[in-house]
1. Taking region A:211-248 only, how many residues are in a loop (DSSP other than H, G, I, E, B) and crowded, with 19+ Cβ neighbours inside 10 Å?
2. Across region A:119-142, which residue is surrounded by the most Cβ atoms within 10 Å (Cβ to Cβ) among those that are in contact with an Asp or Glu (Cβ under 8 Å, 6 or more places away or on another chain) and in a helix (DSSP H, G or I)?
3. Give the residue, chosen from A:94, A:112, A:104, A:121, that is touching a residue at least 60 places away in the same chain (Cβ under 8 Å), of a type outside the set (A, V, I, L, M, F, W, C) and closer than 28 Å to residue A:202 by Cβ.
4. So in region A:29-78, with the set limited to residues that are more than 7 Å from RNA strand B (Cβ to nearest atom) and touching a residue at least 40 places away in the same chain (Cβ under 8 Å), which one is nearest to residue A:5 (Cα to Cα)?
5. Are any residues in region A:334-374 without any contact (Cβ under 8 Å) to a residue 24 or more places away in the chain and either among the hydroxyl-bearing types (Ser, Thr, Tyr) or assigned to a loop (DSSP other than H, G, I, E, B) (or both), and if so, which ones?
6. Condition (residue is surrounded by fewer than 16 Cβ atoms within 10 Å (Cβ to Cβ) and under 22 Å from residue A:212 (Cβ atoms)) applied to region A:32-52: is it met by at least one residue?
7. Mind checking which residues of region A:251-288 are part of a loop (DSSP other than H, G, I, E, B) and touching a Gly at 6+ places or on another chain (Cβ under 9 Å)?
Amino acid sequence: MLSIRTLREQTDRVRKALADRGAEVDLDRILRLDERRRELLRELEALRNRRNEASKEVGRIKRQGGDASAIMAEMREVGTRIKALEAEQREVEPQLQDLLLRVPNVPHESVPVGQTEDDNPVVRTWGEPPSFEFEPLPHWELGERLGILDFERAAKIAGARFVVLKGLGSRLERALIQFMLDLHTEEHGYTEVWPPFMVNSTAMTGTGQLPKFEEDLFHLTGTDYYLVPTAEVPVTNLHAGEILNEGSLPISYTAYTPCFRAEAGAYGKDTRGMIRQHQFDKVELVKFVHPDRSYDELEALTRNAEEVLRRLGLPYRVVTLCTGDLGFSAAKTYDIEVWLPGQGRYREISSCSNFEDFQARRANIRFRSKGEKGTRLVHTLNGSGLAVGRTVVAILENCQQSDGSVVVPEALRPYVKADRIEATV
RNA sequence: GGAGAGGUGGCUGAGUGGUCGAAAGCGGCGGUCUUGAAAACCGUUGGCCCGCGAGGGCCCGGGGGUUCGAAUCCCUCCCUCUCCGCCA
């Protein structure tokens, strides 16, 4: 959420940001509501001030055994007026709040203006796409032939956009989770967290999934629980409502969770294979940082995510999301895209974002500096480190051999306890 | 699911209709003393909103109500703890 002050005082800047994003927001309605809200507040506070003074007077008179009925009668009227104003306030404030919660973040000045993913500039490329002396297979064919991926049975028990992993496929998934968590905790300084996989609507609002993107979530009927679409939600909200010590920053967490996404509006996209599933595993990186440091931290966090691909020897590139492709809450995002031979192109495997104070304002996450009065909002960041299912896809497709087997990347062998995945039939 | 107890500042905890944004202790910060530290002593120490400012308002789990006036009374929701039941 942007502060109403920013909307009020930097209206043109916000208007441009919204236009660059291609976002539809009725800024003028927000500003009118804000104006009304402040009018109400001014009048209310003046009346309350009168009432407070009068109440003190009543107390004084009564203690002296006097008659305060005249003041009390007058205050009865003031009370009625206050109630009427409060009623209007109860009307205006939630409206304003709801509208504010639906305004996207302002992109950082370094974010290129553009409309679609085709406008995302490539920042860097690492590794060489492997050349094959045969036609490389897509992962779903490889996986089914190897007996480690089973889409048909997954459809039987759950439906489309699910997969069953078997044997070394299942172990590969588990090994990757372990490998990623070990790397980030032992070498990158993150603290491991294992959060709930369901959260309430307050948490979903804190990170920006609600109120605007309810249709993307799985909501448990009759409850206020939602399945987490990413560990970003439970982990960022860990410090909701807290005032942190500046000395404790940056706070860096890594968390494994399954992620659940309704994938509404993705009909017909990536229907084959395990690129776009209703349930997938992800290891997430989350940081709470000092505002002056957040862009340095974004670079570091992105490098931490990239390191996973480097260790696995998987070719990738990093792109900067342009304004039109940027997510709702983010001020700046780098996508890490891994090379997929089965598709002959790079596909997103991690998204690393700086939200600046957008989430911190929603979730009320602040810090206090020693010797300074008052509090400031922290900046929050997060990134996938990495999406596990897509990493499995990348390994299968990049490490496939002419005989249909898959060579396990060396760094992963201690975890998989195998050098190679072969058909066992 | 049933019965009970309770939610007050960073923490513990007093406060049952007015002088309470709130005692006291702990913790934090600053100082005196000390080579330094500890102890002792002194001082200080919440957040949010409106306003250029002076200043004003709000916040005692959330929301609503009663009252001239609510941390205190009433309603409602949430959460925590204890016991019982159930359960991996």
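Every number here is computed from the coordinates shown, using simple stated rules; none is lab data. Computed from a predicted model, the values in this text were never measured in an experiment. With ideal geometry, Cβ positions are generated from the backbone for all residues, glycine too; neighbour counts draw on all protein chains shown.
1. Qualifying residue count for the region: 5.
2. Checked region A:119-142; the qualifying residue surrounded by the most Cβ atoms within 10 Å (Cβ to Cβ) is A:139.
3. On the way: A:94 fails: touching a residue at least 60 places away in the same chain (Cβ under 8 Å); A:112 fails: closer than 28 Å to residue A:202 by Cβ; A:121 fails: closer than 28 Å to residue A:202 by Cβ.
Going through A:94, A:112, A:104, A:121 in turn, the sole match is A:104.
4. Per the stated criteria, the residue is A:34.
5. Answer for region A:334-374, where residues must be without any contact (Cβ under 8 Å) to a residue 24 or more places away in the chain and either among the hydroxyl-bearing types (Ser, Thr, Tyr) or assigned to a loop (DSSP other than H, G, I, E, B) (or both): A:344, A:371, A:372, A:373, A:374.
6. For region A:32-52, residues surrounded by fewer than 16 Cβ atoms within 10 Å (Cβ to Cβ) and under 22 Å from residue A:212 (Cβ atoms): present.
7. Those that are part of a loop (DSSP other than H, G, I, E, B) and touching a Gly at 6+ places or on another chain (Cβ under 9 Å): A:273, A:274, A:275, A:277, A:278.
Matching residues to (1) buried (at least 24 other Cβ atoms within 10 Å of the Cβ); (2) under 15 Å from residue A:105 (Cα atoms):
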position: A:295; (1), (2): no, no
position: A:308; (1), (2): yes, no
position: A:317; (1), (2): no, no
position: A:325; (1), (2): no, yes
position: A:340; (1), (2): yes, no
position: A:351; (1), (2): no, no
position: A:360; (1), (2): yes, yes
